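Single-structure report; data block below.
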Amino acid sequence: MATTPVTARVWGMYGARSRNVAVTLVLAGLFTIGVFARGVPTGASTGFDLSAAPAVPIPSFAVPSALTALLCGIACVALGGLQALRRTERHAYGILALGLAIFGFAFLTWAGQSRSVNFIDILSTSLIETVPLSLGAFSGVLCERSGVINIAIEGQFLVAAFTSAVIASATQDPWLGLVAGAVSGALVGALLALLTITYAADQIIVGVVIDAFALGLTSFFDLSVLVPNQATLNSPPVFRPIAIPLLDKIPIVGPVLFDETIFVYLTAGVLIALQIGLFRTRWGLRVRAVGEHPRAADTVGINVTRIRYLNVIVGGAVAGIGGAAFTVGGTGQFTPNMTAGLGYIALAAMIFGRWQPLGALAAAFLFGFTDALQFALSVLNVPIPSDFLTMLPYLATIVAVAGLVGQVRPPAADGQPYARE
Amino acid sequence: MKRLMRMSALLLAVGLVAAACAKPSSSSSSGSGSSASKASNFLACEVTDTGGIDDRSFNASAWKGLQDAQKATGMKIQYLQSNSQSDYVPNIQAFEQKHCGIIVTVGFLMGGVTEKQAKANPKQKFAIVDYSYKKPLPNVLSLLYKTDQDAFLGGYLAAAMSKTGKVGTFGGMNIPTVTIYMDGFAAGVRYYNQQNHAHVQVLGWDPDKKQGSFTNDFTNQAKGKSVTQSLMSQGADIIFPVAGSVGLGAAAAVQEHDRSGSGNPVYMEWVDTDGCISAPQYCNLFITSVTKGIATSVKQAAVKAANGTFKGGNYFGTLANGGVSLSPFHHFADKIPSSVKSALNRIKQGIIDGKISTDPTKYPAG
């Protein structure tokens, strides 16, 4: 091993991951130098606004566009070169994240030339979609780790959005709306559990049927019940942001993360509970055993059916909270098909996040962020066709999944019903 | 296995019942009066776009038109909702088999399929909202609206009311029936700048490059909220969403912004229908609404089809015939300076007389 030639070391001896990261960064850097640095007129500068509100005195700063883009490009290439020469894959993703952040900064510098870009607003806009997406993805993690595929996230979203809007309107209390959303999500989860665990129906088909069922049902009740009673049944109060004392004063992070509605804090809570619960507790070990090898789990006395029921129902409740975020957490009023397929994207985020809660959150955030970025860029009137900008979130997801995540492995017994012999 | 079968059958049955309930909701005629005797056998049908019958926008307006026609003549009315674009053809075919006297198809996106069905079935009368054909078909009446005219007034008003010197707009999709509003809006702002030596900017739509901010969605309110936050972040203080129920997300974002009390107050202009009627909870945010009279024209089309005076071709709603108009100012009636109101009246007359162009490229940008 000591005689490994240098070229082999660079081109793959230290693994495909190292090579991919290096190539990605060098290409991104060259692109930055070639397009972003050369694409701005000399003397143009880009402003970066870091204040959440004009009242908060955090200085905004301006940088010379061309020079900044050039330096960012060089930094990207250098990072790529560094990774190529390193003899280890450790922290390769950290280097990649750093390089992509620099690339993103260069991109914003180019896009915001002669204008001002507000970072804080882009970040807090990202959370609008990140919250329901990550809750949906957590629901997926809960179900699939125990071996049940949950395609019904979209349906759970819709049903929960509907019930939370109705209950919150009727009682004028957003908290009851939130609870109603979770409960109705859990009920849809129970239906999924009954059909897939007890009756061993095909999990994918049942999930799709539940989604179609939820769309038809909520659209029907919206029209027949909500529309005639708009004022009493579909005008829910929405949650106001809750500022956490002290923490909300932290520059940049504070206004984005600690001056938000209860849903952001709930998402964080579920994330921590899941991450610890799945990997640090007895329950988590059992869940993973059931998802990987139910027969073995059964042999050592774990009740497979009970674990699966519990997870699918709790997962439904988590997705239900995500559904409530659409109405009482965001825009209030329920409108038919308002979830617009985000449940399926949540499912993709879970896969992209490798069935890990933290990974799922990162994937959901990537999607939410690129979507927010897309809107910010279209408002800045950058010279990119708007159709292409709209592709950005999906493109980022495809690049990330296909190029960087590599092969992912679902729980071995995912999607397979279990029957005792 | 037996239990599985029973369960599946049950679920299927429930699903079928729900589907049956969700789709055709027919309103039985209340045929009052003797003049309705002939009309009461007449069936007028609507195929909605994916926005659904209750989008508080054009689908709802078209349905309102049929309801008005029902009240006036006692005809029967029915609609089918399209949950995706692939529902268009089956929905139209279902209505053809029901022998609808007229099928109203709603929206630009249904232009192609309506043409195909109309050619295949030349005796079937159609009215299509928002789509014109290069060669008009004898059995299709295109209901078209010069919404750039009232959007021009909306743009002028927005420019006059903006404190930050920036106004924002976004569309549901980059298609002509949406961008005609945005073009008119931008033209109105540019006209304001020219007349008043001002420099009000339009964010979210560049009429010269035909590029701008689009949600590519007419149902996802979260996207409306996101894009509106982006517009406000760049300083826009009047937002004009052209995206059906996605606009409700914009209203939520504006309301949140105004409640937080940071920065300038932001207001909106609603689209298609009078916002104070279709989304009354946000009425205090709406300076005005840029409306098009879909209901009136759909009603006329249905009534004409019922009494045998239907003719294919194009109908144009304009400021002159009241087919498009700026809604009342409601909460802002006292806040809009009378000089601006009289300017709006003058411009309206100018557009009707053809003296003022609504083409944004005719005015200097910026």
Next on the checklist: Treating only the Cβ of Lys, Arg, Asp and Glu as charged (+1, +1, -1, -1), what charge dipole size does the protein assembly as shown show about its Cα centre? Round to the nearest 20 debye.
Outcome noted: 1100
Checklist outcome for this item: Within region B:134-168, DSSP-loop trypsin sites (Lys or Arg not before Pro) with at most 12 other C-beta atoms within 10 Å are B:LYS134, B:LYS163
Checklist entry - Among all the aspartates and glutamates, which ones have a C-alpha under 17 Å from B:LYS348's C-alpha, if same-chain residues fewer than 8 places away are not counted? => result B:ASP148, B:ASP150, B:ASP183, B:ASP359
Checklist outcome for this item: For the A:ARG306, A:ALA170 Cβ pair and Förster radius 41 Å, calculated FRET efficiency rounded to 0.05 is 0.75
Checklist outcome for this item: Placing +1 on each Lys and Arg Cβ and -1 on each Asp and Glu Cβ in the protein assembly as shown, then taking the dipole about the Cα centre, the residue among A:SER114, B:SER61, B:ALA250 whose Cα reaches farthest towards the positive end is B:SER61
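Calculate the dipole size of chain A relative to its Cα centre from +1 charges on Lys and Arg beta carbons and -1 charges on Asp and Glu beta carbons; express the result in debye to the nearest 20.
Values: 21 positive and 19 negative charges, 306 e Å.
Dipole size: approximately 1460 debye.
Could you tell me the ratio Rg/Rh of chain B? Both radii from Cα atoms, Rh via Kirkwood. Walk me through the intermediate numbers first.
On the way: Rg = 21.9 Å, Rh = 21.5 Å.
Using only Cα positions, Rg/Rh for chain B is 1.02.
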Item to check | Hull shadow area, averaged, chain A [alpha-carbon convex hull, nm²] | outcome: 24.5
Checklist outcome for this item: A:THR198 and B:THR164 label points (each 7 Å along its Cα→Cβ direction) are spaced in nm at 5.5
Checklist entry - In whole Å, what three semi-axes, largest first, describe the equivalent ellipsoid of region B:221-320 built from its Cα gyration tensor (square root of 5 times each eigenvalue)? => result 36, 12, 11
Next on the checklist: Residue by residue through region A:381-392, what is 3J(HN,Hα) from phi via Karplus (6.51 cos²θ - 1.76 cosθ + 1.60, θ = phi - 60°)? Round to whole Hz and write x for glycine and proline.
Outcome noted: 6, 6, x, 10, x, 5, 4, 5, 4, 5, 6, 3
Next on the checklist: Longer than 27 Å from Cα to Cα, which of B:LYS225/B:LYS355; B:LYS223/B:LYS299; B:LYS209/B:LYS341; B:LYS119/B:LYS304 are they? Say none if no pair is.
Outcome noted: B:LYS225/B:LYS355; B:LYS223/B:LYS299; B:LYS209/B:LYS341
Item to check | Separation between Cα centres of region A:276-340 and region A:354-380, rounded to whole Å | outcome: 23
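Report the full-extension gain for the segment A:LEU98 to A:VAL63: residue separation times 0.36 nm, less the Cα-Cα distance, to one decimal in nm.
So the chain would gain 10.6 nm between A:LEU98 and A:VAL63.
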Next on the checklist: Given the -39500 (n - 2.57) contribution per DSSP H run of 4+ residues, what per-residue ellipticity at 222 nm results for the protein assembly as shown, rounded to the nearest 500 deg cm²/dmol?
Outcome noted: -17500 deg cm²/dmol
Checklist entry - Counting only complete DSSP H runs, which helices of chain B cover 24 Å or more along their long axis at the Cα atoms and score a mean Kyte-Doolittle of -1.0 or above? => result B:2-22, B:176-196
Item to check | Eligible aspartates and glutamates near B:LYS123 by straight Cα distance, threshold 20 Å, same-chain separation 8 or greater | outcome: B:GLU46, B:GLU96, B:GLU115
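Cα convex hull of region A:261-388: how many Å³ per residue? Walk me through the numbers before you get to the answer.
Working: hull volume 17.8 nm³, N = 128.
Dividing the Cα hull volume of region A:261-388 by its residue count gives 139 Å³.
State to the nearest 20 debye the size of the charge dipole of region A:277-421 about its Cα centre, where the only charges are +1 on K and R beta carbons and -1 on D and E beta carbons. Could you put the intermediate results ahead of the total?
On the way: 10 positive and 6 negative charges, 140 e Å.
It comes to approximately 680 debye.
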Checklist entry - Which far-off residues, 5 or more places away or on another chain, put their amide H under 5 Å from the one on B:GLN211, with H placed in the peptide plane? => result B:ASP206
Checklist entry - Which of the listed residues, B:ALA127, B:THR147, B:THR169, is farthest toward the dipole's positive end in region B:80-218, when Lys, Arg count +1 and Asp, Glu count -1 at the beta-carbon? => result B:ALA127
Checklist entry - P(r) for the protein assembly as shown: what percent of alpha-carbon pairs falls in each 20 Å bin, starting at zero? => result 15, 44, 33, 7, 0, 0
Next on the checklist: For region A:111-189 and region B:155-232, what is the centre-to-centre distance using only Cα atoms, to the nearest Å?
Outcome noted: 29
Checklist entry - For region A:306-367, what is the convex hull (Cα atoms) projected area averaged across all directions, in square nanometres? => result 4.8
Next on the checklist: Using amide H atoms built in the peptide plane, which far-off residues or other-chain residues are under 5 Å from B:VAL324 H to H?
Outcome noted: B:GLY293, B:THR318, B:LEU319
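Read-outs throughout are calculated quantities, based only on the coordinates presented, and are distinct from any laboratory measurement. These numbers were taken from a predicted model, which means no experiment stands behind them. No Cβ is skipped: glycine too gets one built from the backbone with ideal geometry, and neighbour counts run over all protein chains shown.
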